[in-house]
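Below: one structure, written as structure tokens.
We did not get these values from a lab; they are worked out from the coordinates using the rules stated. In this text the structure is predicted, and so the values were computed from the model without any measurement. Glycine gets a Cβ as well: all are built from the backbone with ideal geometry, and neighbour counts include every protein chain shown.
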Amino acid sequence: MDYSTYYYELAGFSTHRSYQLSCGAQALSISGVIVSWFIFDKFGRRPLIIYGMTCLTILNLIVAAAGTDTGNMTSMTVACAFMVMYNFFYNVSIGPLAYIFAAEVSSVSLRAKTVAVGTIINYAFQCMWNFVLPYMFNPDQANMGSKINFIFTGFSLMSIFVFYFYQPETAGRSFEDIDEMFAAKIPARKWKNYETEAMTMNKKAYDDMKGVNVEHAENTEDVV
């Protein structure tokens, strides 16, 4: 739960209520992951990560703006409510998608190392933020409070542009398709509608088989 429970206390909630809010946030996190099972293949990876990051950017901005009025309990309640909602949108989009992309876009020979290095970097940044955040929002330190989310809003906004230009659509693609599109230097925005050689060959084989079946049926009718 990181420092969310402590933050809710700083916002003015009781210890018991802060703990309940943190439990609710974790329940939404689990719900988001479960929902993601059913939508990743249906809607595709690229739209979910781009729209997901857009939602996270908006949520960060709302939390930051609402939390600036620390003397207004209504504003702080709004900030905390959107912080709780953040957990769902994160875990229905980029949270689990990061691990999926690491496995799908890496080459076969480097897949294990890619996932391992990505996980190490992820935990390294988590350790860094766990160390830095208390100094940023504690009242006796920088006392930034919810204004920290202005920083994360900037990071999220930059991520949207990076994902738009460099995040390919891998849903429904085999590893061979992905390797071919990388080798052909297909722009990430055009992956969804790109027809690989394997797809072309399979379509041709299907058309040939369909033609053989039609011809066989016509010959059978002539004999009858």
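Per residue of segment 171-184, what does 6.51 cos²θ - 1.76 cosθ + 1.60 with θ = phi - 60° give for ³J(HN,Hα)? Whole Hz please, x for Gly and Pro, Karplus curve as stated.
Whole-Hz 3J(HN,Hα) from phi for segment 171-184: 4, x, 9, 7, 4, 5, 4, 5, 4, 5, 5, 5, 5, 7.
In what order do VAL84, VAL132 fall by count of nearby beta-carbon atoms within 10 Å, going from fewest to most?
The fewest-first ordering by Cβ neighbours comes to VAL132, VAL84.
Under 20 °C and 1.002 mPa s, how fast does the chain diffuse according to Stokes-Einstein, given a Kirkwood radius computed over C-alpha pairs? Answer in µm²/s, whole number.
104 µm²/s
Sort GLU176, GLU104 so that the residue with the fewest other Cβ atoms within 10 Å of its own Cβ comes first and the one with the most comes last.
Numbers: GLU176 12, GLU104 16.
Placing the least packed residue first, the sequence is GLU176, GLU104.
As a footprinting exposure proxy, order TRP37, TRP191, TRP129 by other Cβ within 10 Å, with the fewest listed first.
Listing TRP37, TRP191, TRP129 from fewest to most nearby Cβ atoms yields TRP37, TRP129, TRP191.
Based on DSSP H runs of at least 4 residues, each adding -39500 (n - 2.57), what is the mean residue ellipticity at 222 nm of the chain after dividing by all its residues, to the nearest 500 deg cm²/dmol?
-26000 deg cm²/dmol
Hey, got the dipole for the chain? About the Cα centre, +1 on K and R Cβ, -1 on D and E Cβ, debye to the nearest 20?
Approximately 880 debye in magnitude.
Report the gain in length on full extension from TYR135 to LYS185: 0.36 nm times residue separation, minus Cα-Cα distance, nm rounded to one decimal.
Working it through step by step, the gained length comes to 13.6 nm.
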